[in-house]
Each structure stands twice: as structure tokens, then as C-alpha cells.
1. Taking the mean number of other Cβ atoms within 10 Å as a proxy for protection, how do you rank A:160-173, A:235-248 from highest to lowest?
2. What is the Å³ per residue value for the convex hull set by the Cα atoms of region A:153-232?
3. Shape verdict for region A:69-218, please, from the Cα gyration tensor: rounded (a/c under 1.5), prolate (a/b greater than b/c) or oblate.
4. GNM, chain B, Cα, under 10 Å: largest mean-square fluctuation among B:109, B:21, B:63?
5. Which Rg and Dmax, in Å, describe the Cα atoms of the protein assembly as shown?
6. Give the relative contact order (percent, whole number) for region B:162-215; include only Cα pairs under 8 Å separated by 6+ residues.
7. Treating only the Cα positions of chain B as identical point scatterers, give the base-10 log of I(q)/I(0) from the Debye formula at each q in 0.07, 0.09 Å⁻¹.
8. Given the convex hull of the Cα atoms of region A:159-282, what is a quarter of its surface area in nm²?
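None of the figures in this text is laboratory data; all of them are computed from the coordinates on show. Note that the coordinates shown come from a computational prediction; the quantities given were computed from them, not determined experimentally. For neighbour counting, all protein chains shown are included, and Cβ atoms are generated from backbone atoms with ideal geometry for every residue, glycine included.
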């Protein structure tokens, strides 16, 4: 059974004239990391909201076509059950933070508390994720006093602590410094190895190329391509969608047809290194 | 004419020291990136530039006058600051109202108002949103609304606090052409960013901050050459700079053209 299947799905937000999604047909399998790329307002966040049932339950509008999550029609899912099944990090950490908890520790525990996780287990899970994300210094602070980047880390930690099987993550690193971005991607990579299904919206294409199994490319509310990461990021669809390629792929493309050409287009620095290391000192 | 920091420290009322003994100069017409880890003191530093914050010790001088002697409103006419979160800045109910705030405040006539508002909206690429409520616009468009609202004031110095966060490629192109345009008009642009690919492509001078202090102030190549500085500032080399370093080809190359030239032949 597919994790998610969408057939001819279109969605228009209430009070909006233009559709945010048009004729989207997609099948997502379990245990893979799907990257979603596209320019701003291409429909990425709407797609995420749909996958976790925020559309049409929370954001009203006109939904046509068929959406199934684990074989069950989206509209037949109980919202509470669905929110337990799917974790979600919002792009804007100011939206994600509950605003009603006095400390970061309680904020990260909030979701677990809501689903009735026993107290000892809850504390253990929160402390584990705090350590992995290096948030020790923050746990006694008030979430409202945190910087944008710190809030983003706390929002991410709260979702990791929930330990859902399917996680939708919308731009988790937009406000993070490079070291913190790497830490977040390392954890996302771990989640994938542990068999989680992940949908990740992210502009940092170099990190995406390293971690994603498959890429979904969006433009003007449509899915214009879906396929294995290496096929997608080396193809012309990246230009069509106006999204950048990995830096090493750009280099290889610039060298194509010259005496310095790569044997095949690399998408990660490790691949580029392997292709070039035998040429050193040559 | 310049903004000069001389041994500037700043502590928030809670006692938290956010900036410690920082000294540097931004010359008129110069562009500069500030990079560093979350919490390093970058935002506090730029808020000290336009008088939103006043130093606890040391002096910040804008065109020869210390910020301590001027009101924030009067400094804001010279140094424009675009907030990291546009929602901290935008308050009007239409984009037009937001952009016309400065003209109203400074009592410009209609012709001057329309000319400057039109120009700022064009530069930021938001003309078609004039009648929209900023709250209905996506975050990235709100960021350009916030930028346009500051551009209207035609400040000599413009500070952009993380304009690249969440920005797509068309947005980045618009941002770069905007910075190029401002530079051609002699306006200084100081940009905080975490995006090293953007830094490498757009800036020559870069200041790195770590733990409330400036740890490097120079060209990109020198910063990217130092493992120690990068580690302290929690930043990464651009991918290609790291690649040629790993291959032992160069410690300083970071631009695509110079790196392409360094790659050995495929024999």
C-alpha cells in the first residue's frame, strides 16, 4: 500500500481566485525521503498541508480529485488520529511554537503530553532530542525569548520527539546557520535510516542532493517532475522550474564538452571528489 | 563618510551581553556581508548601526556623529534597517500604505512621494501588490515589501537582516540586482546571511562573528581558507571551495570560473 496517493488533485483556497494546486497525481511510497523543490508560491507548502490533512480540515477551500493516506481517503481520517500519524514542522517557527508553555522543555514535551505519553518516557524522549540538537542551554528559557533560529530548532525538536512514522518538514533550516543546518539534516538522515517516511521542502539543494531518495519538482501549482534525485537534479527540469542545481553539478555542466569533462554528472561533493581524485597531480 | 564602531559593547537590560568590544568601519558605497552562528551577535550589531540600540560602552558614529547623541528617528533617515522577520516591521493594512509611511512622516509632496514609492516598489519587484494586505502575502513577498518600505527613505546605508532565508532563485536574483543597483548609486549595503553560496557570489568583504565578537574582517577567500575561523563561526565553505581544497588544488578559490580553471584535464 502506498503511503500517499493523489489522483488529479486540485485545490483552491477559500477567498482566492487562482488554484494553489492543479491536477496533481503522485504516489509516495513508505520509508523514502522525498524532497520537494520549486520557486516560492509554486505549491510546495500547500502540498504539505494537504498531505497532513490541514487541507481541507483547517484551511478551507475547494478540493477536487482523490487523496488517500495509507489506503484510506483523507476525508475519512479522524483529524486527531491523522495528527498522531504525521508529524509536521512549519516553515515559520513563530507559528509552530505554542505560545502557552513557559519553558523550551515543556514546549518540546507539549505534543507528547497531548497524546498521553507516560511522564518518564516523555522526559526521556525530550532529553534525548535536546541532546541530539544541542539545545541543553535553552531548555529552561521561555520560548518567546528565543531568536528565530533557536525557535526553528525547538520546533524541529518537538516533532522529532513525537517519533511519528511519517514526517512532513517544511523548510526546517531557513533561519539556521550552516552548522545547525547540517545538524538538522543529519537527524533527518537518521530518521530516514530508521525507516521513517519523510517529505521535505527545502531550498538548500546541496543538502537535498545528499539526502533525498526522490525529488518532486513543482511549478505554478503543478508537479512537473518526480523521480530519483540524481535523474532530476541533472535534468533540464531544474531550469524549467527555475531552481538551482547542486554546486558540483553546475561545475560539471560548465566543463561538459571540454577536456576537463566529468565522466558523468555528480550531484554530491563526494561523487565529484571520486571522479576527480585520480586526476590530481596529473 | 562612514559608519564606525569603536570598541562597542552592548548588554541587554537582563544583563545578557550580546556584543563585546566590536570595532569596524563601513564606508559609504561599500557592500559587506556579516556571517556567523545563530546568537553570535549579528542582529544586535546591525541594530546598533541605526540607533535601534545604543552601545553600553564604546561609540557608534554615523557620518561623524555618535548615535548616542541622535534620536533613532533621525538616524533612520540615514541608516535603513530591514528586519529579519518582516512581521516585526510591517504594520499598515495595504502595501501602498506601508510604503507611503515615510513620505507622510517626512511630509513630502505628492510628486516626490509617488516617484520614490514607485521606484522602491520597482526595485523590490512588488508593484503588483500595491493594493494587497501584507498579511495576505507569502512570507517572501512580505520580505520584499519590508525592503521596499526602507528603500523609499533613500538612506545612504541599508542593512538587510537575513534577506536570503527561505528565498528562492528568482528572489535571490532580484535581491542581487537590487544590491547591485544600490551600489551603483553609492549606497552601502550591509547584509546578514547564512547562505555562503550567496556570499561567495555577491560579496567581496565579509565579517565573521562568533561569541559576540568579530573574528574575521576581510575578503571571502581569506575566510574560506581558514578551518579555524569557519569552525568558530559555525559556517561552511561553499561546496566547490571545499571540493578543490579536498583535492589539494587550492585553499582560496571559491568562484565557479576560477575553480573550473583549476580542474585538471581529463586524460
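1. Top to bottom by mean Cβ count within 10 Å: A:160-173, A:235-248.
2. Normalising the Cα hull of region A:153-232 by residue number yields 102 Å³.
3. oblate
4. The residue with the greatest mean-square fluctuation here is B:109.
5. In Å, with Rg to one decimal and Dmax whole: 24.0, 70.
6. 35 percent
7. Once normalised to I(0) and log-transformed, intensities are -0.27, -0.44.
8. Dividing the Cα hull surface by four gives the mean projection, 9.4 nm².
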